[in-house]
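Novice: This structure is in structure tokens; I'll ask about it shortly.
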Amino acid sequence: MAAPGDRRHPPAQTLVEYFDHRAGGYDRQLWMERWALATAARLARPAAGARVVDLATGTGALAAAILDRQPRIGGLVAVDAAPHMLERAARRLGVPNPRVRLVTADVRGVPLPDGAADLVSVGYLLHLLSPPVRGEVLAEARRLLRPGGRLVCVVHGSPPGRGGAAYRAVWRVLARTRPDAIVGEGPMADLAPVVARGGLVVEASRRIPGPYWSQVVSARRPADHR
Ligand SMILES: C[S@@+](CC[C@H](N)C(=O)[O-])C[C@H]1O[C@@H](n2cnc3c(N)ncnc32)[C@H](O)[C@@H]1O
């Protein structure tokens, strides 16, 4: 349970407000994330006609990378709870666009039926969340996927091994000294086992180096679900 004022475990509404207030400047950080987002779009490799749901779409950077990769996509639903982030996503994704639908909703309760997606993507959200909330988002992603469908996630990650522990320690110091600018859990040590615990079969994991390390994981919902 988060202590009041604890920015490492912000309640979902606080996190959404944080991004909604900063929507105007959000894209300034995309240069650090571009390579990881391109890697995620490559691992996502949606087939022509695929139905895609992008959770926590923000200003639509990952959704746009996926659309660039597969122009003949069946349809993309971009979900976020922050209206000002979605306004920017609408511009980036060229809405009105017959292939794109924007949905204002909590990613833990998306108003779409079970199995509605061939591909679910989640860019730069899971590292912000406490482990229980992260589990709820992964459960919702799994629900949305058809059996055999693919999940692709990108998070703020870490270098492997000892370097990773040092990197995460630096971020803990930054989070203490700049609580106005840094929110959430901080860089994850390894996203792959977290995705596996969510009932998905991990297919690929890539660590992307840089001033802002990222990790991309792709996984499948098992076909023999019960
Ligand atoms: C760091 S941004 C990621 C944006 C985008 N996916 C990208 O990769 O550029 C995180 C987004 O998650 C959204 N968000 C956080 N918690 C949410 C929740 N519970 N339901 C819906 N959206 C949420 C925020 O509003 C914000 O737009």
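Novice: Keeping all protein chains in place, calculate the accessible area per residue for region 165-226 (probe 1.4 angstrom), answer in Å².
Specialist: Using a 1.4 Å probe on heavy atoms only, each residue of region 165-226 averages 54 Å².
Novice: Here's something else I'd like to know. For region 53-178, with the dipole built from +1 on Lys and Arg beta-carbon atoms and -1 on Asp and Glu ones, taken about the Cα centre, which of L151, V173, V103 lies farthest toward the positive end?
Specialist: It is V173, whose Cα lies furthest towards the positive end.
Novice: What is the angle, in °, between the Cα long axis of helix 30-44 and the longest principal axis of the Cα atoms in the chain? Nearest 10 is fine, range 0 to 90.
Specialist: It is inclined by approximately 40 degrees.
Novice: So, one more: About its Cα centre, what dipole magnitude does region 41-81 give when the only charges are +1 on Lys and Arg Cβ and -1 on Asp and Glu Cβ, stated in debye to the nearest 20?
Specialist: Dipole of region 41-81, to the nearest 20 debye: 240 debye.
Novice: Compute the orientation-averaged projected area for the chain from the convex hull of its Cα atoms and round it to one decimal in nm².
Specialist: About 11.7 nm², averaged over all directions.
Novice: Say the dipole of region 12-220 comes from +1 at the beta carbon of Lys and Arg and -1 at that of Asp and Glu; which of A36, V194, L55 then lies farthest toward its positive end?
Specialist: Positive-end residue among those listed: A36.
Novice: Treat each spin label as a single point 7 Å out from the Cα along the C-beta direction, and report the R22 to N97 distance in nm.
Specialist: Going from the R22 label point to the N97 one covers 2.4 nm.
Novice: Oh, and also: What percent of all Cα-Cα pairs in region 98-226 falls in each 10 Å bin, counting up from 0?
Specialist: Per 10 Å bin, starting at 0, the Cα pair percentages come out as 12, 40, 31, 14, 2.
Novice: Further question: Can you compute the charge dipole magnitude of region 12-220 about its Cα centre, using +1 on each Lys and Arg Cβ and -1 on each Asp and Glu Cβ, nothing else charged? Give it in debye, rounded to the nearest 20.
Specialist: Rounded to the nearest 20 debye, it is 580 debye.
Novice: Grab the DSSP H runs of the chain that are 4 residues or longer, score each as -39,500 (n - 2.57), total them, divide by all residues and round the 222 nm result to the nearest 500 deg cm²/dmol.
Specialist: Only helices count here, giving -11000 deg cm²/dmol.
Novice: Determine the share of region 67-173's accessible area contributed by carbon and sulfur atoms, expressed in whole percent, with a 1.4 angstrom probe.
Specialist: Here it works out to 56 percent.
Novice: Right, here's the next one. Need the C-alpha centroid separation for region 66-94 versus region 147-226, integer Å.
Specialist: That distance is 23 Å.
Novice: In region 12-112, what trypsin sites (Lys or Arg not before Pro) fall in a loop by DSSP, with at most 12 other Cβ atoms inside 10 Å?
Specialist: R72
The values are calculated or read from the model by the stated rules, or taken from the named source; none is laboratory data. Remember, predicted model here, so these are calculated numbers, not experimental data. Here the Cβ is made from the backbone with ideal geometry for all residues, glycine too, and neighbour counts use every protein chain on show. Areas reflect the complete protein model, heavy atoms only, side chains present, ligands, DNA and RNA absent. Shrake-Rupley method; radii C 1.70, N 1.55, O 1.52, S 1.80 Å.
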